[in-house]
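Here is the structure we will look at.
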Amino acid sequence: MIDNRLKNSVDIYEQIVELRRQGRRGAIATIINVRGSIPSFTTAKMLVRDDGSIIGTIGGGCVEADVWQAAREVMESEKPQTLKFDLNQDPKYDTGLVCGGTLEIFVEPILPPALLYIFGAGHVALNVCRTAASAGFEVIVNDDRSSYATPERFPAAREVHALDFDEATRKLDPNESSYIVIVTRGHRDDMRLLRWAVETRARYIGMIGSKRKVIAIYKTLLAEGLAAHLFDRVHAPIGIDIGAVTPEEIAVAVTAELIAIRRQATAKLPHLSWFKGPRQAAADAATVDEDEHCR
């Protein structure tokens, strides 16, 4: 029995690693407290994958069905839950699979790595890489200048690529746990990267620039035929407004926004929702005259 328990645990841990490697989600349920007699044991585990499949067991029956449903909720909310079951009192658990007693089960999310793609390798990109990596993001940097995009310049990055932006984007397929930060050295590159980014599955897209620039790019892409709803994930100007001026301060503002998105603390975050249509955009553009941040 002990050997089987150890084998099941090893299988589950291997599957967790594989899920994260594939950029997928899951939830792990663990029995943390038992009183009375149940058809399992403390520390028994069950992994629920994002496709609904499971590995391992915590005893079967209605308890397992309820835990499966809770696991789906945990994947969505990214927040753990503790479930308590009184197998003596609730008749729905009288299925022949349990013998009575109570148990607690802790269900926690298994999330893929938070991948941050930074386009650009200037001063802001350098500092965003540092601060975001320290906050737990795995950073991939790309710039079309080989003298800037080097591992020596970005030691905190997981990967650094010196590729033309069009070539780089053809090779990338950001998933729902990915974040994109666009801080290139020019409006043209920013716009073509934003054009690509809004049609990816990325969870977050941020672009540096003044409101005047953002409005101009937004209007251009809309005129090209891109649907307005594609910009719902776009945060531009990028970063939480903390009055940041220097590249180091801007990096703090950007990383704070990334964390807020990751932790779902986004109720008060500004994004392109302030755009009210061409007339409002024209009015905003006429009154806003902000300098571009140092890149």
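Structural remarks
- Computed over the stretch 102-213, the convex hull of the alpha-carbon atoms projects to a mean area of 9.0 nm².
- For the stretch 174-254, alpha-carbon Rg and Dmax in angstrom: 12.4, 36
- Note: relative contact order over the stretch 115-287, using C-alpha pairs below 8 Å and six or more positions apart, is 21 percent.
- Pairwise Cα separations in the stretch 115-287 fall into 5 Å bins from 0 onward with the following percentages, short to long: 1, 9, 19, 22, 22, 15, 8, 3, 1, 0.
Read the figures in this text as sums done on the coordinates, not as results from a lab. Given the structure is predicted, the values throughout are model-derived calculations rather than measurements.
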